[in-house]
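The values are calculated or read from the model by the stated rules, or taken from the named source; none is laboratory data. This structure is a prediction, so every number in the text was calculated from the model and none was measured. A quick note on method: Cβ atoms are made from the backbone with ideal geometry, for glycine too, and the neighbour counts reach across all protein chains shown.
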There are 2 protein chains.
Amino acid sequence: MNAVAELSPEEIHEAVFTMGRQARTAAHALAILSTRQKNAILHSMAAELREQSAEILKENTKDLAAGEANGLSGAMLDRLRLDEARLETVAGGVEQVAGLADPVGEILDERTRPNGIRIQQIRVPIGVIGIIYESRPNVTSDAAVLCLKSGNATILRGGSEAIHSNRAMAAALQEGGEKEGLPPHSIQLIPFTDRESVKEMASMDRYLDLIIPRGGKGLIETVVSLARMPVIKHYDGICHVFVDEAADQVMAGEITVDAKTQKPSVCNALETLLVHEAVAGEFLPTVAKRLAARQVELRGCPKTRAILGDQVVAANEEDWGTEYLDYILAIKVVSSGAEAIAHINQYGSQHTDCIVTKDGATAERFLREVDSACVFHNVSTRFSDGEEFGFGAEIGISTDKLHARGPMALRELTSYQYRVRGAGQVKDPLS
Amino acid sequence: MNAVAELSPEEIHEAVFTMGRQARTAAHALAILSTRQKNAILHSMAAELREQSAEILKENTKDLAAGEANGLSGAMLDRLRLDEARLETVAGGVEQVAGLADPVGEILDERTRPNGIRIQQIRVPIGVIGIIYESRPNVTSDAAVLCLKSGNATILRGGSEAIHSNRAMAAALQEGGEKEGLPPHSIQLIPFTDRESVKEMASMDRYLDLIIPRGGKGLIETVVSLARMPVIKHYDGICHVFVDEAADQVMAGEITVDAKTQKPSVCNALETLLVHEAVAGEFLPTVAKRLAARQVELRGCPKTRAILGDQVVAANEEDWGTEYLDYILAIKVVSSGAEAIAHINQYGSQHTDCIVTKDGATAERFLREVDSACVFHNVSTRFSDGEEFGFGAEIGISTDKLHARGPMALRELTSYQYRVRGAGQVKDPLS
């Protein structure tokens, strides 16, 4: 099928649903593969990515040429670009996942009831997972292999700008895997990029157990409003650092600068700094100087501007709810820990929020009352990450509360099943 | 507000969203209540239900009168009816929930990373849960108190036929709770029953973290297609018993009769019997006789009818996917365990399925390959239940795979949060 061919809505429906049916069949076969088999498959996939690297890079040049023709920015083109070194990183990532512990089969709970029935709660794959993503072609491999290791089939729907690269990579993964017994259709990429295909995926709850959208607000909004199956969103990270009146100010400065500037383009970077009014006069000038040295634009509340002066832009209501992903920091002076907590619960995105304080009781209150996936005490928000948490590779950071919250790795790509064994127990033995 | 008043869509929107905002505020307060406080609240609720029993029963008579006027069946009216004894059961149920262990605060995982940060995964409430249900007014109390014990606020939307009873019960629960410090708006019932209110709830992802629909297919379909937030469905139970060639046939007969007839109206009752062809000729006539004595209508595949004769109705494709909830049983003869597994995975509802066999390997294959929430070996499907599993009271049986699968009790009404404590760790200490 050609990426640019015009397909009718009926043809798209038929194609996507056929992939769904095939994925369901593959999922049943995948669920019972042994860890050894899955790891052999993963190693074969890595080898095939290397084997087909020339072909993949050739396809990648088509995307780059199209991107240039369409006027993509330099940053976008860089994100899109593959080369030998980047492809080697992708292949190495596949081998790393082979080295992670298999979550499937873990016994989560076990109990024997008074009537003698034995109940086991055991980890099983989810089934078929749809991944909808944009731009970077490495997601094709990263997402597919994490799903595979956890026993799930995937239907991938990448962005149009990377379609040639994605198709080449998905083909290499599936072909490499099949050499070691990967069931057909375990990894399928939707070969066209019409918006209609997202709608079809969202409607296909019979075949898709979960959709994970990774991308901009527009994409996530479309998926959330249409999906009939569970969606786990990897949404905004409007992360806060609250510098309490009892903060170690040197530590608070280190954490603020690190969280804002070490990598501003990621979801666990700092966006809003909250400072207790008792220390704002002392803390803000020092930290503002260090941030200015790193070209960070500051946007402050009136109290912040009273301290730092007019070179600080006035923050408006919108700033408190903005994920800049850039060298911009919103700053607000608050009169108490309670005000900081209330601000975060109102404007934050329930991702990662940090308090810096030497006061244990204040810290514990913050950790308990801030309603976010990750709440930190005296640690840079940049540590909110599956690898930093010791989970191995992650598929993303969930900003949802159900099933998976925060860093989402292999364990979060599983469901469970109750296996119950008895000796003929019935409710009414006289029946 | 009057149940029968005509409200404009704008008024309904405003009313439901106001309840949502209030529930979010209540949820933050509920999340930090101690177990002792929550239990005192629950005991006060039970007392208030008893205190206000005359008022609740008076309101219930209005629903009964309206139901009779609207021509509700005797069974429906019985389901709607409250009396002193039934209300006492409801109040006793509230006290039972006070006696259950509090899931909030449980430490699920704890680890210290090489850099010294300490990561704790801890159970927290979900937040605000919407429960949409039909008919029986006792659900108002059962659902609200399970959500409360797990630290969640609830927005209840009951069926129109029970609106007076539901309003009276919800008021008694909230009032009784407030005497012991229940935050305002912790338990809110939508006081009108326009279909529009379901749509408003489904759109309110800012304030509702989860919707649990309990009811018929139409209701669940509406919620699934509209909801922007996670939905946990308590859907069909198309449960199977597979009598393997190596089954103890006496046990198989007991389990079949129990699973079908001990209470046919519930989701864990048997709907389709699968029998291995090697034993069908011996097993079917015996079990058919026992089922006939209990007025069970049999609908069979051609092989079943060849054995049992023409008094067995011919089953059609639709029968394999039907939840009868009645004295009807579909029967299919299969040629292998693999065929039984494939049939269940194709036609079942991923609820509860059982194999009867003395062959351990066959049983283990069945448990591993049947993709259902509960898979049983030599146990009646009627044991698929939170109380039978030892979880205490349940809010229902999830037929979904994400977050909660199978019997859903207090633990499944929680989320988790990562609390991370450090000593100033930053990603780039040179910054």
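Things worth noting here:
- Test result for B:D359, farther than 16 Å from B:T272 by Cα, more than 9 Å from chain A (Cβ to nearest Cβ), of a type outside the set (S, T, Y) and under 26 Å from the mean Cα position of the chain (by Cα): no
- B:T89 in a helix (DSSP H, G or I), touching a strand residue (DSSP E or B) at 6+ places or on another chain (Cβ under 8 Å) and of a type in the set (S, T, N, Q): no
- Here A:V313 does not fit the description of being under 22 Å from A:R290 (Cβ atoms) and buried (at least 20 other Cβ atoms within 10 Å of the Cβ).
- Number of the condition not met by A:T261 [criteria: (1) out of contact with any helix residue (DSSP H, G or I) (no Cβ under 8 Å at 6 or more places or on another chain); (2) under 18 Å from A:D385 (Cβ atoms)]: (1)
- Test: residue in the stretch A:31-38 that is free of Cβ contacts under 8 Å to residues at least 24 places away in the same chain, of a type in the set (A, V, I, L, M) and either outside any helix (DSSP H, G or I) or under 21 Å from A:L148 (Cα atoms) (or both): yes
- Taking the listed residues B:T154, B:T89, the one that is within 30 Å of A:L367 (Cβ to Cβ), out of contact with any Gly (no Cβ under 6 Å at 6 or more places or on another chain), of a type in the set (S, T, N, Q) and away from every other protein chain (no Cβ under 14 Å) is B:T154, with no other qualifying.
- With respect to the conditions (1) under 22 Å from B:R411 (Cα atoms); (2) of a type in the set (K, R); (3) more than 22 Å from the chain's Cα centre (by Cα), B:R113 falls short on a single one, namely (1).
- Residue, nearest to A:P114 (Cα to Cα), within the stretch A:403-431, restricted to residues that are under 14 Å from the mean Cα position of the chain (by Cα) and either β-branched (V, I, T) or facing chain B (nearest Cβ under 7 Å) (or both): A:H403
- Scanning the stretch B:144-171 for residues that are over 18 Å from B:D209 (Cα atoms), surrounded by 24 or more Cβ atoms within 10 Å (Cβ to Cβ) and hydrophobic (A, V, I, L, M, F, W, C) yields B:A162, B:A168, B:M169.
- Residues satisfying the stated conditions in the stretch A:254-267, i.e. over 16 Å from A:Q295 (Cα atoms) and more than 10 Å from chain B (Cβ to nearest Cβ): A:V266, A:C267
- Set A:G218, A:G237: member being more than 16 Å from the chain's Cα centre (by Cα), modelled with pLDDT under 95, away from chain B (no Cβ under 11 Å) and over 18 Å from A:A143 (Cα atoms): A:G218
- The set of residues in the stretch A:385-417 that are among the hydroxyl-bearing types (S, T, Y) and either in the same structural domain as A:L146 (by TED's automatic domain parsing) or part of a strand (DSSP E or B) (or both) comprises A:S398, A:T414, A:S415, A:Y416.
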